[in-house]
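Single-structure report; data block below.
The values are calculated or read from the model by the stated rules, or taken from the named source; none is laboratory data. Here the structure is a predicted model, which means the values were calculated and not measured. Cβ: placed from backbone, ideal geometry, glycine included. Neighbour counts: every protein chain shown. We work out accessible area using only protein heavy atoms, side chains counted, and drop any ligands, DNA or RNA first. Shrake-Rupley method; radii C 1.70, N 1.55, O 1.52, S 1.80 Å.
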Amino acid sequence: FFSNMDPPGNQAPAADSGKALAPPAQAPPAASATRCVSPTPEQEVPDKVLVQFEPVNAPILRVRKFKVSRDNEFSYIAQFLRKTIQLSPQDPLFLFVNSTFAPSLNETIGDLWACFQVQGTLVVNYSPQPAWG
């Protein structure tokens, strides 16, 4: 399903079947701008974090939960959604975490999960138009 939409060398996040895919080759992560209290030992960020996609006036995904490497940047999520809902590069796509804010594309998924996960899941809302804020 996803392999037809991926350029060579990149892989889409794995469906919530417990499988996880390696992140695409990328430059070393930049310093994170996300500020929160570091996770307690029982909240340690796993290697693969659960990301749940929620549409806002947008096409609905058949599978909404995926496991994504904590080292991937948020831009990876944006690229994956663009391919999955078949948006062209010039079409707008707005991404929000917990229906609240739009994180920087260079934030790591692990940092966002550590600060904003709800019951072990990072909720990402997506929309073709501004929805909040």
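This table checks each residue for (1) open to solvent by 40 Å² or more (accessible area, probe 1.4 Å); (2) closer than 22 Å to residue 44 by Cα.
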site	(1), (2)
67	yes, yes
77	no, yes
90	yes, no
93	no, no
111	yes, yes
114	no, yes
128	yes, no
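Give me the strands (runs of 3 or more DSSP E) completely within segment 31-105, filtered to those with at least 2 residues that are modelled with pLDDT of 90 or more and closer than 14 Å to residue 120 by Cα, ordered by residue number. Before you say what the answer is, go through the steps one by one.
Values: elements: 48-55, 65-69, 94-97.
The strands (runs of 3 or more DSSP E) meeting that bar are 48-55, 65-69.
Determine whether residue 84 is in contact with a Leu (Cβ under 6 Å, 6 or more places away or on another chain) and open to solvent by less than 60 Å² (accessible area, probe 1.4 Å). Criteria not met by residue 84.
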